[in-house]
Amino acid sequence: MKRSEKALKIQAVLDRLYPQPAVPLLHGDPFTLLVAVVLSAQTTDARVNLVTPELFRRGPTPEAMARLSEAEILALIRTCGLAPAKAKNIRRLSQLLLERHGGHVPKDMAALEALPGVGHKTASVVMIQAFGVPAFPVDTHIHRLAARWGLSDGTTVEKTEADLKALWPPEAWAKLHLQIIYFGREYCPARGHDPTVCPICSWAGVKTRLAAEAKARAAARVAASE
């Protein structure tokens, strides 16, 4: 099966399972989305959604967030991973939005990536979810599944992003980004995955990739028992 044909079949499965995938992070505008995505690094979306209501009540805008001290922000997000660094970045990016962009989140990848704590993936999420600008953010779920399914060789996140963009039209990227994340969490986890019952890996999975993952998991179990 050609890679392009496989991509279309995968998209059909994802459309059936997740016809209208919602953005998993609670937010109300580009600024709160930006902060939520910054918080989501090495933290579950569920955890982020627990802390952001009070954070956004106290700091709903860049101006209000910048008025909070780093310690106040940290107290509100302490249960998130890497909380001290995130508190510092959230306060500083709020200040920079005021200084450089008139208190607005810029609709520009380079300007977003210049903000503290904002990498390419975070900027891509904001561009596509807040502004509708085509982007294909690649997180760990998407990077892993693209390799499992043979849609990319999995060498780098940048390579995976380029390969996926080449397989699907820009108007499909936003939906597919969310669909693959949801699928990875529900059907295709990194650990304890049975490809024989997976709705996609059972027919699209690359055998050498799946075998290598299984071998690595077995080796890890042996190492842990020694």
Return the pair list, or none, for Cβ contacts closer than 8 Å from residues in segment 205-226 that are part of a helix (DSSP H, G or I) to residues that are modelled with pLDDT under 80, at least 6 apart or on different chains. Arg209/Gly154
Hey, can you tell me all the residues within segment 3-25 that are without any contact (Cβ under 8 Å) to a residue 40 or more places away in the chain, surrounded by fewer than 16 Cβ atoms within 10 Å (Cβ to Cβ) and not in a helix (DSSP H, G or I)? Pro19, Gln20
Could you list, in sequence order, the residues of segment 32-50 that are open to solvent by less than 50 Å² (accessible area, probe 1.4 Å) and either aliphatic (A, V, I, L, M) or touching a residue at least 24 places away in the same chain (Cβ under 8 Å) (or both)? Thr32, Leu33, Leu34, Val35, Ala36, Val37, Val38, Leu39, Ala41, Thr43, Val48, Asn49
Do we find a residue being among the β-branched types (Val, Ile, Thr) and at pLDDT below 95 anywhere in segment 185-196? yes
Might you let me know whether segment 121-139 holds any residue that is out of contact with any His (no Cβ under 7 Å at 6 or more places or on another chain), more than 23 Å from Pro53 (Cβ to Cβ), open to solvent by 70 Å² or more (accessible area, probe 1.4 Å) and among the acidic types (Asp, Glu)? no
Which members of segment 148-169 meet the condition of being aliphatic (A, V, I, L, M), at pLDDT 95 or above, buried (at least 16 other Cβ atoms within 10 Å of the Cβ) and assigned to a helix (DSSP H, G or I)? Leu164, Leu167
Could you check how many residues of segment 184-203 are within 23 Å of the chain's Cα centre (by Cα) and part of a helix (DSSP H, G or I)? 4
Determine whether Phe131 is of a type in the set (A, V, I, L, M, F, W, C), modelled with pLDDT of 95 or more and in contact with a Phe, Trp or Tyr (Cβ under 7 Å, 6 or more places away or on another chain). no
Show the residue pairs that are 6+ apart or on different chains and have beta-carbon atoms under 9 Å apart, the first residue being within segment 77-89 and under 11 Å from Ser40 (Cβ atoms) and touching a residue at least 40 places away in the same chain (Cβ under 8 Å), the second being assigned to a loop (DSSP other than H, G, I, E, B) and open to solvent by less than 30 Å² (accessible area, probe 1.4 Å). Cys80/Ser40; Cys80/Thr43; Gly81/Thr43; Leu82/Thr43; Lys86/Thr43; Lys86/Cys80
Go over the candidates Gly119, Gly132 one by one and state the one that is more than 23 Å from Gln42 (Cα to Cα) and not basic (Lys, Arg). Gly132
Is it the case that some residue within segment 28-48 is farther than 24 Å from Phe136 by Cα and small (Gly, Ala, Ser)? no
Have a look at Glu63, Glu72, Glu99, Glu113 and point out the one that is without any contact (Cβ under 8 Å) to a residue 12 or more places away in the chain, over 26 Å from Ala22 (Cβ atoms), open to solvent by 40 Å² or more (accessible area, probe 1.4 Å) and out of contact with any Asp or Glu (no Cβ under 9 Å at 6 or more places or on another chain). Glu99
Do any residues in segment 157-172 that are in contact (Cβ under 8 Å) with a residue 24 or more places away in the chain have Cβ atoms under 6 Å from those of residues that are not in a helix (DSSP H, G or I), where the two are at least six apart or on different chains, and which pairs are they? Val157/Val138; Glu161/Phe136; Glu161/Val138; Leu164/Phe136; Lys165/Phe136; Pro170/Pro134
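The values are calculated or read from the model by the stated rules, or taken from the named source; none is laboratory data. These figures come from a predicted structure and were not determined experimentally. Because the Cβ atoms are built from the backbone with ideal geometry, glycine has one as well, and the counts that use them run over all protein chains shown. Surface accessibility is based on the protein's heavy atoms, side chains included, excluding ligands, DNA and RNA. Shrake-Rupley method; radii C 1.70, N 1.55, O 1.52, S 1.80 Å.
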